[in-house]
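J.: Below is a structure I'd like to ask you about.
Every number in this text was worked out from the coordinates using simple rules, so none of it is lab data. Quick caveat, the model's predicted, so the values are computed rather than measured. Counting neighbours? That spans all protein chains shown, and the Cβs are built from the backbone with ideal geometry, glycine included.
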Amino acid sequence: MKEKIDPQICLFEFYAEHKMAQQLKSVFTLLDNLPAIVNLADQDICRYSKSASGRKGLTADSILRAALLKQMMGLSDEELSFYLVGSISYRSFTRLSFDDISSSALQINIVKITAPTWEHINYILLGTAAKQKIEKAGQYVWKVL
C-alpha cells in the first residue's frame, strides 16, 4: 500500500543559495502546512493501486511535489527525471532519493492525479495565498495539468 508521506525525516535537505531554490523552499513549507492537498492527490493515486503488498513505491507527497515541479518549471517527463538526478534542491523539494527517480514511474503516477483534483488543489493554494495576501483571488496559482 502506498503511503501519503514518508514518515522518516530526511537527514539531507538542502536548498542552494539561489533565488529559485529559495522559492522552492517556500513552496515546500507551504505544502507541508496544507496536508489537505496531499490527501486529495493520495485519493486519486490510491484509486489505481493494484495491491496492498509488495514495494511501497513513491509516496503521494513526492508524486504531487514532482508534478508541481514539472509544471512550475515547464519540464517534460524526461527533463524532470534528469533535473531530479542533477539537483539536490529539486530532490529536497520532492523528497525523492536517487532510487526513486525514474521518468516512467513519475509519469505513471503523475497522470493519476485528475483534472478536478488539480482544480481543487489550485483553489486551496489560491485561498491560502489570498489569506496571506500573496495572491489576489480569482487567479490560478498553477494551471491545471
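J.: Roughly how many nanometres apart are two label points built 7 Å out from the Cα toward the Cβ at Leu34 and Glu78?
T.: About 3.2 nm separates the two model spin labels.
J.: Using 0.36 nm per residue, how much length does the chain from Thr128 to Thr114 gain when fully extended, once their Cα-Cα distance is taken away?
T.: 2.9 nm
J.: Here's something else I'd like to know. So how do Thr29, Thr114 line up by other beta-carbon neighbours within 10 Å, fewest first? Present the calculation step by step, with values, prior to reporting the outcome.
T.: Details: Thr29 10, Thr114 16.
Ranked by crowding around the Cβ, least crowded first: Thr29, Thr114.
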